Amino acid sequence: MSLTVTDLRVYYRTLRGDVKALDGVTFTVADGEIMGLAGESGSGKSTLGKSLIRLDGRMRHVGGTVELDGDELPIGDDARMDAFRFHRVSVIPQYSMSALNPTRKIGKMVAELMASRGVRLEPAELERRLDLVGLSREVLDRYPMELSGGMKQRVVMVISTLLNPSLLIADEVTSALDVSSQKAVAGTLLQLRDAGLVTSMIVVTHDISLVYQIADTIMVMYAGRLAEKAPAGVLVTEPRHPYTKMLISALPEVGVRYEEDSRLSGIPGSPPPLLDPPGGCRFRDRCPIAFDRCAEQPPFVEIGPGHSVACWKAGE
Amino acid sequence: MRRYFGRKLLIYGLTFFVAVTINWLIPRFMPGDPVQSLIARANIAQPEVVEAMRVRYEGLFGFDMPIWQQYFNFWGALLDGDLGVSIWLFPTPVADVITRAVPYTLGLLIPAILLSWVAGNRFGAFAARRKWLDNTALPIGYVLTATPYMWLAILLAWALGIIAGIFPVAGAYSYAMQPGWSWEFIGSLLQHWFLPFASLFLVAFGGWAIGMRNMIIYELEADYVNYLRALGAPGRLIRRYAFRNAILPQITGLALQLGVLVAGALVTEIVFSYPGLGNLILQAIQNQDFFLLQGTFLFIVMGVLIANFVIDIVYVLVDPRTRAGMGGAS
Amino acid sequence: MTADAPKAPEAPEPPEATATPETTPEPAATPGTPGAPDAAAVAASTPVREALHFALRNGKLIAGLIVVVVLLIAAVFGPMAFDHGPNEYVGPPAASPSGDYWMGTTMFGQDVFAQFLYGLRATFLVGVLGGGLAAIIGMVVGFVAGYRGGWVDEILNMLTNIVLVLPALVVLMIANAYLGVRSVGLQALFIGLTSWPWAARAIRAQTFSLRARDFVDLARLSGMRTPKIIFREIAPNMSSYLFMTFILLFGGAILVGASLDFIGLGPTEGVSLGLMLNNAARWSALQLGLWWWFIPPGAGITAIVGALYVMNVGLDEVFNPKLREM
Amino acid sequence: MLKLDNVSKVYRVGAFGGRTMTAVSDVSFEVNAGEVVSLIGESGSGKSTIGRMILRLTPVSRGAITLNDTDISAVSSTKDYYRHVQGVFQDPFSCFNPIFKADRVFAMIKEAYFPQVSAADWRGRVESALKSVRLDPGQVLGRYPHQLSGGQLQRMLIARAVLLDIRLLVADEIISMLDASTRIDVLNLLADLRARGLGILFVTHDLSLGNYVSDRTVVLRNGKIVEMGRTELVFGDPRHPYTRSLLASVPRLDVKWIDEPETEDGDAAGPCPYHDSPEESRTRPGLAEVEEDHFVACSGCADHPPQAEPRTLAKENA
């Protein structure tokens, strides 16, 4: 059992009070698993991704635990968390293009970073990993501004996985890319796992069809809570949560064409405010099958092998 | 690279051109007969001085000539190194008067600029580290940088010179001494040098410290810092990187501040009757010695331009991005 | 004087950064759903009210503002309390501070307190007029250069750089020295004409980045013309920045004015804080120990300028969410 | 209605315009009334530049763009031009001036084009325009941009455009920044507008979106058209290797990439199927009509400038 998250709550502090961006999530990620974490903006997916490695200044760990390979991650304690970062948990940030110090050559920066973490780095190993992502070793002698955006992103991928972390969080790494680059980046993520450089991975994304291509399981979040988690194939073909269903049916797949009488439609309404969310199921207001019981929060229960849903009607 | 420096040199050339033109233009804007009124205002008794002034002004202005000819004559005299004769120290050539004063000004300015820059940046970066330090150091920095140079000079002279009696408050060396290379004389030089230096240093120090503190705070918000933090890099490494990146705009800032620093040195010299360019300017103004004033002005502009160019070169040497960008790699 | 000009948000001028908007063909990539912080989903109050909320809680801003306002009131109304002019010989010479003369008298028996209050007036006037003029020139040059780009930008940039490297105070010395009669207004005019370049640069950079925002294109698609777009779309967006620029120019103008006065190139009539320092130094107040003659004017200048700078930091924190302390 | 005739865009790069860069070269296509044309390309393909040229936000370097047979650069008043041609852009948040209320975009239109309309009348028009894009006026009027969602803002921008008497709408990546749950609704709006007789140029990098809504498709690469024609033909039977590799890169929910055989490379410069010899392709380059309303640039002769990032990445990983 690689990662176990139990009832995690992380709030944002704002002027008007706490924004309950992550309000009690419980799940596990197995060794070797790539889990896609999908959701729309405001769903809490990025908050979840960030809170597993570094809470930013406004985020506050309110409750719940995170366990990685049997050790509890002190995610609310920035200083104690340092021991885990990079070695055990690592991240490919969304801002990969600007993640490298502009005034240091890549090779020197990597060497200084490793030295600062007390790790000796074999040059041969570094080069092997550059090869793996298709970079020549000359990039080590370059400044970031001399590399293209995609090269920088691959450099970041190599750096983040240098210490073979148990868990890698890839935060919206494909969202700013063209389709062909998306495919290549997704392929590289798979390679990192297959080559054993990372044990398991959480791929945070807003694009279910993309994450379906590489993920073993997909977890869908809505308004700070989990909606559904299932093996990728199951989630896409047999979604049980009404939100997941509507989301998937709103995707214009290749080959689907607009027709006057049978056009696709989105989900009406908008997510509830997280500053003071209503009780019960948070999807209730937009849900076509909501009923009285939805005023009570549905538990996130397993209804099939590896398939959990938070909906009272999921069993039907 | 050549293109970059070519551009800079063009700007400096144009600036010099503008400075000379200002020099030529301003007396002509004066109402009435400029030569007559300048001579009248100079209020000089000796007839030979009045005559010398008249000859020079008429030669320079040559009002009977076409205007472009007047302008070219002005440049011609300048390029010959002929800045005229000082009225105040008649008949010493202006160039000689300036040459005598320059070492004192440079002796004050260069150490004050370099030391305040280095110390201010270090201190600013240090202050940005801790909240309480930031909150105490910052107001001091603001008070220092808001202080008029001459006022701090007066305060120091009064407190350390007059009241405490530690330092002399006038001149560059004791009047009782003959300039020479004796230890005693050098000691006297240093003693007289210290207060003007200290007041220049302190005001500039405040400015650099605040600038650096602000830069560092912005740098610490940068993506590369976030990434390093996410990888658990120690604060030491992060601060080192942030400092290195923040120092670059501070180099540009140094170029921008040169004019202000020079002006500060001038008024500080006046407070301490320090025999540099500032004192020359004061004397020139009080004695209506316009040749000396113009000469000093041109000299200072030249100095600032050269210093700017030196800073440009340093910047290119220090910032890898400019080198990479100019090497034609793209 | 402008060591702390708001250069922080502005990158060091890259040598080849002459790319006009025309040379950036397309957005580098087509971002997907922005990873905006999840918290942004919360509806917040209006921008103005939010700024006000932080402004009222910002110690630096409030403290700076109080000092400036108190001194401003003293400058505007203080002189009315005297039935004599600042330069009249009203008391015993070289008297130390007392109940009659709060700041003592000069060597010639002038009331230092009266001079101080009148001087404050002149100092504020130079700051407002000089700083205001510099702000206007800086805005015009910065907006036009940043918005138009191309050769207009090239030429204005050249002009800015030339004025930037000319040491302003030294130019002012030359100009003022030739003038027989000098007034506060004329001094402010000259200061304004020489101290705008860094402001123009900073505004240009800001305009440049705002210009690339889609709402500018949308304004064009709504039939708006360039000047209108600058004043109704771009300028309001950087109003806080413009205000901060003005504050720094204001402080800078005061310092330059004081230096000119001190050299003896101040206004030929009346009194100013710099002129008081000039007189004190000229008549050996130092050697004679008349500290009440030279401490107040310098302290006055430092207080105004320092308070302005501190206010500026406070404003920066109010308007820049990243710098706010929660 | 709108016609591009050998349109090119050359940018001057460097301090004094020393170098040039061709962003769009010799592009010709048409957008007719009541038709959605999707312009598909990756970043750097010049697709947005074409949109900006049509909107007169950037001048045309060579060639001509005509609207109903009038050269658009000949319309002296841009204001008159924008009465008929409007645009909606990628980032709805950036389209709204953050310090003003969102409905200011309507006020700007009124001020410029309908100064004589009474306030009450105008409000009625705005509300009906909002309803036509399926927005509740009460929910969006009087709000600041940051209080609204991307989908709401984007719909307001479409409503703003239809307040004018527009014939053509340039929709530049209008849904790529929206959440998946509202994307399709905005896309459907384009179909509604088409039904009202508007011509729409839908610029996108997402093939499935283009396929969903458009009648005709233009695929762009490095500023050149590689394939165009009726959407069913281009997507159903893509001829150019680049189009095929683009299609294969689209993530789908019915197939996984790993289950698919590796697709051919978009750069493959095999024998040209439309020209008899390489010599001929050099002397007679351009688009060949492979069937009715389906044009393809032949892969053998389209000169590919060294491609930037995406291609090399794919190759190195292969």
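The values are calculated or read from the model by the stated rules, or taken from the named source; none is laboratory data. Please read these numbers as outputs of a predicted model, since none were measured by experiment. Glycine gets a Cβ as well: all are built from the backbone with ideal geometry, and neighbour counts include every protein chain shown. Keep in mind that these areas ignore ligands, DNA and RNA; they rest on the heavy atoms of the full protein, side chains included. Shrake-Rupley method; radii C 1.70, N 1.55, O 1.52, S 1.80 Å.
How many of the residues in the stretch D:61-83 are under 15 Å from D:Gly51 (Cα atoms) and outside any strand (DSSP E or B)? Result for the stretch D:61-83: 5. For the stretch B:121-176, filtering for residues that are of a type in the set (D, E, K, R), out of contact with any helix residue (DSSP H, G or I) (no Cβ under 6 Å at 6 or more places or on another chain) and in a helix (DSSP H, G or I) leaves 2. Within 14 Å of chain B (Cβ to nearest Cβ) and more than 28 Å from D:Ala180 (Cβ to Cβ), is that true of A:Glu72? Answer is no for this residue.
Could we say that B:Ala265 is in contact (Cβ under 8 Å) with a residue 60 or more places away in the chain and closer than 30 Å to B:Leu282 by Cβ here? Yes: the conditions hold for B:Ala265.
In the stretch A:215-236, the qualifying residues are those that are part of a helix (DSSP H, G or I) and open to solvent by less than 10 Å² (accessible area, probe 1.4 Å), and the one that is farthest from D:Ser45 (Cα to Cα) is A:Leu235.
Inspect all residues belonging to the stretch A:292-313 and state whether any of them is of a type in the set (A, V, I, L, M), touching a Cys at 6+ places or on another chain (Cβ under 9 Å), within 28 Å of D:Val250 (Cα to Cα) and surrounded by 19 or more Cβ atoms within 10 Å (Cβ to Cβ). No, because not a single residue in the stretch A:292-313 is of a type in the set (A, V, I, L, M), touching a Cys at 6+ places or on another chain (Cβ under 9 Å), within 28 Å of D:Val250 (Cα to Cα) and surrounded by 19 or more Cβ atoms within 10 Å (Cβ to Cβ). Within the stretch B:188-233, being among the β-branched types (Val, Ile, Thr), over 26 Å from the mean Cα position of the chain (by Cα) and buried (at least 21 other Cβ atoms within 10 Å of the Cβ) holds for one residue alone: B:Ile216. The single condition from (1) of a type outside the set (S, T, N, Q); (2) in contact with a helix residue (DSSP H, G or I) (Cβ under 8 Å, 6 or more places away or on another chain); (3) under 18 Å from A:Pro277 (Cβ atoms) that A:Arg16 fails is (2). Restricting the search to helices (runs of 4 or more DSSP H) fully inside the stretch C:222-326 and requiring at least 3 residues that are assigned by TED's automatic domain parsing to the domain that holds C:Arg121 and under 22 Å from C:Leu65 (Cβ atoms) gives C:239-260, C:291-319. Among the criteria (1) open to solvent by less than 10 Å² (accessible area, probe 1.4 Å); (2) among the hydrophobic types (A, V, I, L, M, F, W, C); (3) more than 13 Å from chain D (Cβ to nearest Cβ), the one A:Leu163 does not fulfil is (1). Note on the stretch D:194-215: residues that are over 17 Å from D:Leu246 (Cβ atoms) and open to solvent by 10 Å² or more (accessible area, probe 1.4 Å) total 6.
A:Met35 passes every criterion in (1) open to solvent by 30 Å² or more (accessible area, probe 1.4 Å); (2) more than 11 Å from every other protein chain (Cβ to nearest Cβ) apart from (1). Scanning the stretch D:38-58 for residues that are away from chain A (no Cβ under 14 Å) and either acidic (Asp, Glu) or under 22 Å from D:Arg244 (Cα atoms) (or both) yields a single hit, D:Leu39.
If you go through the stretch A:186-203 one residue at a time, do you hit one that is closer than 16 Å to D:Pro251 by Cα and touching an Asp or Glu at 6+ places or on another chain (Cβ under 8 Å)? Quick ask: steps written out before the conclusion?
Let us first name the residues in the stretch A:186-203 that are closer than 16 Å to D:Pro251 by Cα, namely A:186-190, A:203.
After this cut, where a residue has to be touching an Asp or Glu at 6+ places or on another chain (Cβ under 8 Å) as well, the list is none.
No - not one qualifying residue is present in the stretch A:186-203.
Return the residue satisfying two criteria in turn: it lies in the stretch A:282-314 and is closer than 21 Å to A:Gly42 by Cα, assigned to a loop (DSSP other than H, G, I, E, B) and of a type in the set (A, V, I, L, M, F, W, C), and of such residues it is farthest from the chain's Cα centre (by Cα). Here the residue is A:Cys287. Report yes if A:Gly196 is open to solvent by 40 Å² or more (accessible area, probe 1.4 Å) and without any contact (Cβ under 8 Å) to a residue 24 or more places away in the chain, otherwise no. In short, no. Of the helices (runs of 4 or more DSSP H) that lie entirely inside the stretch B:222-330, those containing 2 or more residues that are away from chain A (no Cβ under 14 Å) span B:235-271, B:277-286, B:290-318. Restricting the stretch D:21-37 to residues that are outside any loop (DSSP other than H, G, I, E, B) and open to solvent by 50 Å² or more (accessible area, probe 1.4 Å) leaves a set whose member that is farthest from the other protein chains (Cβ to nearest Cβ) is D:Glu30. Give me the residue from the stretch B:119-145 that is within 12 Å of another protein chain (Cβ to nearest Cβ) and free of Cβ contacts under 8 Å to residues at least 40 places away in the same chain and, out of that set, surrounded by the fewest Cβ atoms within 10 Å (Cβ to Cβ). Here the residue is B:Lys131.
Restricting attention to the stretch D:188-230, the residues being more than 7 Å from chain A (Cβ to nearest Cβ) and either under 18 Å from D:Ala159 (Cβ atoms) or without any contact (Cβ under 8 Å) to a residue 24 or more places away in the chain (or both) number 11.
Given the criteria over 16 Å from B:Tyr227 (Cβ atoms) and within 14 Å of chain D (Cβ to nearest Cβ), does A:Ala115 qualify?
It is false that A:Ala115 is over 16 Å from B:Tyr227 (Cβ atoms) and within 14 Å of chain D (Cβ to nearest Cβ).
Of the residues A:Val110, A:Val89, the single one that is open to solvent by less than 30 Å² (accessible area, probe 1.4 Å) and in contact (Cβ under 8 Å) with a residue 60 or more places away in the chain is A:Val89. Here the stretch D:91-104 is the region considered, the condition is being closer than 19 Å to D:Leu135 by Cα and more than 7 Å from chain C (Cβ to nearest Cβ), and the residue that is surrounded by the most Cβ atoms within 10 Å (Cβ to Cβ) is D:Pro92. Can we say C:Phe82 is of a type in the set (Phe, Trp, Tyr), surrounded by 13 or more Cβ atoms within 10 Å (Cβ to Cβ) and outside the structural domain of C:Phe116 (by TED's automatic domain parsing)? No, not satisfied.
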